[in-house]
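J.: Encoded as C-alpha cells, here's the structure I'll be asking about.
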Amino acid sequence: YFYYNNRVRQYRLPCGTMIMNSQIRHAWENPVEGYDITRLQEKQKKKKNRLAGIISQEEHNGLLVTARDDGELIVTRGNELVQRLNSGITLLKDGAISGNGKFAATLSYDTFSGSRKIQYWNLDTKTKDKEFFCSQDISSIHLSEYGNWIIGMTEKCTWVLNVENLSESWFNEHFISNQRSKLVTYENWVFRKNAVNDIYLYNLKTREKKAV
C-alpha cells in the first residue's frame, strides 16, 4: 500500500501490478496492518546501508523488498529484478525551477554520509536526468535561467555547480536575490556586491565582472 494526499494505491509485489487506486481522505490515518518498510527506525540500524542508499529491507516468500532513500521500492527474487516502484514519499528540503521552465532540481531532506542528494529533472520529457551530491550544510538551491547552473546556499556561503562538466565553486557570500529570496539570474550572470556594497554582474562561466 502507498499512501498519498487523499489517495491510497495497492500493488501486488510479485508482478508490480496496481490493483487498487482509490480516493480516500486522510487514508494514512488508518493504514493496513503490516510492516512499514519506508520508515527509518532506530531499531533497524543493522539493516541500513546508507552508502548504498538503502533504508530498509524485508524478505517474504523468496521476494526481497528494498526501500531506498530516494523513495523507490525495489522488489527482487534472487538476482532477478521483479519490479521497481516509486512510493512518492521522498522528503525534500528545497526545490527550484529554471527561468525558462525546462528544468527542475530537488534537494533531499535526509543526509547521506555528510551529503544531500540533488535530483535534476527535465520537465519537457518528465524524466530525471542526473543526480548530484552536495554538502549537508546547503539548505536551499536555485537554478540559473537555462538550468545549466545549480546554486546552493549555506548559512553564510554560496556553492555553484556546473551541470555540464560538474565543476564546483564556493563563494564566501550570498548572491543577490529578490524580495522572495529568489536568485536573480540572466543566462550565466548573477548579481553580487563588492566590498563597498556596489552591485555588479558576475559571469559564472567566464568569471567576467560588469558594473551595473
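The values are calculated or read from the model by the stated rules, or taken from the named source; none is laboratory data. Given the structure is predicted, the values throughout are model-derived calculations rather than measurements. Neighbour counts run over all protein chains shown; Cβ positions are idealised from the backbone, glycine included. SASA here: full protein model, heavy atoms, side chains in, ligands and nucleic acids out. Shrake-Rupley method; radii C 1.70, N 1.55, O 1.52, S 1.80 Å.
J.: Being at pLDDT below 90 and closer than 18 Å to THR185 by Cβ is the filter here; which residues of segment 122-139 pass it?
T.: Listed by number, the list holds a single entry, LEU123.
J.: Next question, about the same structure. Test VAL184 against the criterion of being farther than 15 Å from ALA104 by Cβ, among the hydrophobic types (A, V, I, L, M, F, W, C) and in contact with a Phe, Trp or Tyr (Cβ under 6 Å, 6 or more places away or on another chain), and give yes or no.
T.: Spelling it out, VAL184 is indeed farther than 15 Å from ALA104 by Cβ, among the hydrophobic types (A, V, I, L, M, F, W, C) and in contact with a Phe, Trp or Tyr (Cβ under 6 Å, 6 or more places away or on another chain).
A quick yes/no check of all residues on (1) basic (Lys, Arg); (2) part of a loop (DSSP other than H, G, I, E, B); (3) open to solvent by less than 50 Å² (accessible area, probe 1.4 Å); (4) modelled with pLDDT of 80 or more:
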site	(1), (2), (3), (4)
LYS45	yes, no, no, no
ILE55	no, no, yes, no
GLU58	no, no, no, no
LEU85	no, no, yes, no
GLY101	no, yes, yes, yes
SER108	no, no, yes, yes
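J.: Quick one: what pairs do we get from segment 16-32, first residue at pLDDT 70 or above, second open to solvent by 80 Å² or more (accessible area, probe 1.4 Å), C-beta under 6 Å, 6+ apart or different chains?
T.: Sorted first by the residue in segment 16-32, then by its partner, the pairs are ILE19/ARG12.
J.: With respect to ASP94, is the statement that it is out of contact with any strand residue (DSSP E or B) (no Cβ under 6 Å at 6 or more places or on another chain), surrounded by 14 or more Cβ atoms within 10 Å (Cβ to Cβ) and at pLDDT below 90 true?
T.: Considered against the rule, which asks whether it is out of contact with any strand residue (DSSP E or B) (no Cβ under 6 Å at 6 or more places or on another chain), surrounded by 14 or more Cβ atoms within 10 Å (Cβ to Cβ) and at pLDDT below 90, ASP94 comes out as no.
J.: Moving on to the next point. Check segment 131-151 and report whether any residue there is surrounded by fewer than 13 Cβ atoms within 10 Å (Cβ to Cβ) and over 18 Å from the mean Cα position of the chain (by Cα).
T.: For segment 131-151, residues surrounded by fewer than 13 Cβ atoms within 10 Å (Cβ to Cβ) and over 18 Å from the mean Cα position of the chain (by Cα): absent.
J.: Could you give me the residue pairs with C-beta distances under 6 Å whose first residue belongs to segment 189-210 and is on the phi > 0 side of the Ramachandran plot and in contact (Cβ under 8 Å) with a residue 12 or more places away in the chain, whose second residue is among the hydroxyl-bearing types (Ser, Thr, Tyr) and surrounded by 13 or more Cβ atoms within 10 Å (Cβ to Cβ) wherever it lies, and which are 6+ apart or on separate chains?
T.: none
J.: Please go through segment 110-130 and pick out each residue that is touching a residue at least 24 places away in the same chain (Cβ under 8 Å), among the β-branched types (Val, Ile, Thr) and open to solvent by 40 Å² or more (accessible area, probe 1.4 Å).
T.: THR111
J.: Can I ask one more? If a residue counts only when it is over 22 Å from PHE132 (Cα atoms), which strands (runs of 3 or more DSSP E) contained entirely in segment 145-210 have at least 1 such residues?
T.: Result: 189-193, 199-203.
J.: Please state which of the following conditions ARG192 fails to meet, knowing it meets all the rest: (1) open to solvent by 60 Å² or more (accessible area, probe 1.4 Å); (2) more than 12 Å from ILE151 (Cα to Cα); (3) basic (Lys, Arg).
T.: The number of the failed condition is (1).
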